[in-house]
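Trainee: Take a look at this one; I'll ask things after.
The values are calculated or read from the model by the stated rules, or taken from the named source; none is laboratory data. Quantities reported herein were computed from a predicted structural model and do not represent experimental measurements. Glycine gets a Cβ as well: all are built from the backbone with ideal geometry, and neighbour counts include every protein chain shown. With ligands, DNA and RNA removed, areas are computed over all heavy atoms of the protein, side chains included. Shrake-Rupley method; radii C 1.70, N 1.55, O 1.52, S 1.80 Å.
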Amino acid sequence: MIKYFAMEVTIEKQPKATLKMTVKVPSDKVRQMYYHVLEEFAKDAEIAGFRKGKAPLELVEKNTKEADLNGEVVNHLLQHYYVAAVKENKVSPIGNPKVTIKKFAKNDDFEFEAVTPTKPEVKLKDYKKVLKELHTEKKAEKKEEFKGLSVDAVIETLAGQAQLEVSDMLIEEEVTRMLARLLQQAETLGLTIEQYLTAQNKSAEDLRLEYQSYALKTLTAEFALAKAIEDENIKVEDSEIEAAINAMPDAAIKEKLQKGQDRWYIVSVLAKNKLISKLLSELDKDPDQSSKVKEEEK
């Protein structure tokens, strides 16, 4: 059994809620991983004069492409030591790391850098005051009350009252996802991305800038909502999760939603809905009147 620790980790804070981890793995652990991977290769190796999987390691090594073997060793080292470094240092990445190999050789230390986005620090200004002002303004204009087209307004207000810096890496991840969806939609319509851009009278750079702006807005809103959920002490009970899942008509979807990431998504949606409902229910309350009642009770 391989023990994957005994490493050196240096952590540096980068701008915009980003961390850089430099991880150094000692040479003895690198050699241990190298021979572990070589043994895995040996199981499927077919070398003349030997039954499959029975050839000596030195012959397997000699008959295996160096790039293939080293590439697999590096992959194993990254998988194990990146995860170990994150856990050991209580880092909470919220996106994919950008990894740079700084040093690798079979009989030497292994060193890599991993730059990863993290959850930004969020400060919310007085969003309740802004929501109350919007609600009062609607009523004064004798138009449809603020609560009539309220969900988007609440989210936009929270985002507008949030102070934070979003990692450029997260923005680029979101842009990449949006571009992938666009490409899929264009292919469905029988269009190339170039034809789509021509039809929209946009350049590739125009589209990327537009998506970057939208990604920043979307991520800002998500982090603002999460902060407000925390500040308002919004909790989602297991019974609420089960009720939401059981409301799904498809049995396969129900089963899928019971698991890790998918279950977390349900929790997230329910928490956001409870937050918005709570904020809207407070709009017609008179805080001054509440204070008077409390004073009279004394």
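Trainee: Please state which of the following conditions K102 fails to meet, knowing it meets all the rest: (1) within 30 Å of L164 (Cβ to Cβ); (2) surrounded by fewer than 14 Cβ atoms within 10 Å (Cβ to Cβ).
Mentor: All conditions are met except number (1).
Trainee: I would also like to ask the following. Looking at V267, V236, can you tell me which residue is closer than 24 Å to V151 by Cα, part of a loop (DSSP other than H, G, I, E, B), open to solvent by less than 90 Å² (accessible area, probe 1.4 Å) and in contact (Cβ under 8 Å) with a residue 12 or more places away in the chain? Let's see the steps before the verdict.
Mentor: Values: V267 fails: part of a loop (DSSP other than H, G, I, E, B).
The match here is V236.
Trainee: Any residue in region 10-24 that is more than 30 Å from I171 (Cα to Cα) and not hydroxyl-bearing (S, T, Y)? Full working, then the answer.
Mentor: Our first condition is that a residue be more than 30 Å from I171 (Cα to Cα); within region 10-24, this holds for none.
Within region 10-24, not a single residue is more than 30 Å from I171 (Cα to Cα) and not hydroxyl-bearing (S, T, Y).
Trainee: A follow-up question, please. Determine which single condition F223 fails, assuming it passes every other condition in (1) in a helix (DSSP H, G or I); (2) open to solvent by less than 60 Å² (accessible area, probe 1.4 Å); (3) over 21 Å from K123 (Cα atoms).
Mentor: Tallying (1) in a helix (DSSP H, G or I); (2) open to solvent by less than 60 Å² (accessible area, probe 1.4 Å); (3) over 21 Å from K123 (Cα atoms), F223 fails exactly one: (3).
Trainee: I'm checking my understanding of the structure. Among residues of region 239-264 that are among the charged types (D, E, K, R) and outside any helix (DSSP H, G or I), which one is least open to solvent (accessible area, probe 1.4 Å)? Let's see the steps before the verdict.
Mentor: To start, the set of residues in region 239-264 that are among the charged types (D, E, K, R) comprises 240, 242, 250, 254-256, 259, 262-263.
Keeping just the survivors that are outside any helix (DSSP H, G or I) gives 250, 259.
Values: D250: 68, K259: 119 Å².
That would be D250.
Trainee: For region 129-147, which positions are open to solvent by less than 80 Å² (accessible area, probe 1.4 Å) and modelled with pLDDT of 85 or more?
Mentor: Within region 129-147, V130, L131, K132, L134, H135, T136 qualify.
Trainee: Of everything in region 48-79, what is under 29 Å from K24 (Cβ atoms), open to solvent by 60 Å² or more (accessible area, probe 1.4 Å) and out of contact with any helix residue (DSSP H, G or I) (no Cβ under 7 Å at 6 or more places or on another chain)? Give them in sequence order.
Mentor: Correct list: E58, K65, E66, A67, D68, N75, Q79.
Trainee: Could you please let me know if S92 is in contact with a Lys or Arg (Cβ under 7 Å, 6 or more places away or on another chain), among the polar types (S, T, N, Q) and surrounded by fewer than 16 Cβ atoms within 10 Å (Cβ to Cβ)?
Mentor: Numbers: in contact with a Lys or Arg (Cβ under 7 Å, 6 or more places away or on another chain): yes; among the polar types (S, T, N, Q): yes; surrounded by fewer than 16 Cβ atoms within 10 Å (Cβ to Cβ): yes.
Taking the combined requirement at face value, the residue satisfies it.
Trainee: Moving on. I need a count of the residues in region 186-212 that are part of a helix (DSSP H, G or I) and open to solvent by 60 Å² or more (accessible area, probe 1.4 Å).
Mentor: Applying the first criterion (part of a helix (DSSP H, G or I)) to region 186-212 yields 186-188, 193-200, 204-212.
Okay, now just the ones that are also open to solvent by 60 Å² or more (accessible area, probe 1.4 Å), so 187-188, 194-195, 198-200, 204-206, 208-210.
Residues that pass the stated criteria total 13.
Trainee: For E230, work out the one condition from (1) surrounded by 15 or more Cβ atoms within 10 Å (Cβ to Cβ); (2) within 23 Å of the chain's Cα centre (by Cα) it doesn't fulfil.
Mentor: The one condition E230 does not meet is (1).
Trainee: Then there is this: Given the conditions (1) exposed (fewer than 14 other Cβ atoms within 10 Å of the Cβ); (2) assigned to a helix (DSSP H, G or I), report the number of the one that E173 does not fulfil.
Mentor: Here E173 meets the rest and fails (1).
Trainee: What residue, among those in region 6-39 that are open to solvent by 40 Å² or more (accessible area, probe 1.4 Å) and farther than 30 Å from P120 by Cβ, is modelled with the lowest pLDDT?
Mentor: A6
Trainee: Among the numbered criteria (1) closer than 28 Å to M169 by Cβ; (2) among the charged types (D, E, K, R); (3) at pLDDT 95 or above, which single criterion is violated by K202?
Mentor: (3)
Trainee: If you don't mind, another one. Taking the condition free of Cβ contacts under 8 Å to residues at least 12 places away in the same chain and surrounded by fewer than 19 Cβ atoms within 10 Å (Cβ to Cβ), does L183 pass? Quick ask: steps written out before the conclusion?
Mentor: On the way: free of Cβ contacts under 8 Å to residues at least 12 places away in the same chain: yes; surrounded by fewer than 19 Cβ atoms within 10 Å (Cβ to Cβ): yes.
For L183, the condition - free of Cβ contacts under 8 Å to residues at least 12 places away in the same chain and surrounded by fewer than 19 Cβ atoms within 10 Å (Cβ to Cβ) - is met.
Trainee: Now for a different question. Being out of contact with any strand residue (DSSP E or B) (no Cβ under 6 Å at 6 or more places or on another chain) and of a type outside the set (D, E): is that true of A140 here? Steps first, answer last, please.
Mentor: Working: out of contact with any strand residue (DSSP E or B) (no Cβ under 6 Å at 6 or more places or on another chain): yes; of a type outside the set (D, E): yes.
Answer is yes for this residue.
Trainee: How many of the residues in region 270-289 are at pLDDT below 85 and part of a helix (DSSP H, G or I)?
Mentor: Residues meeting the conditions: 3.
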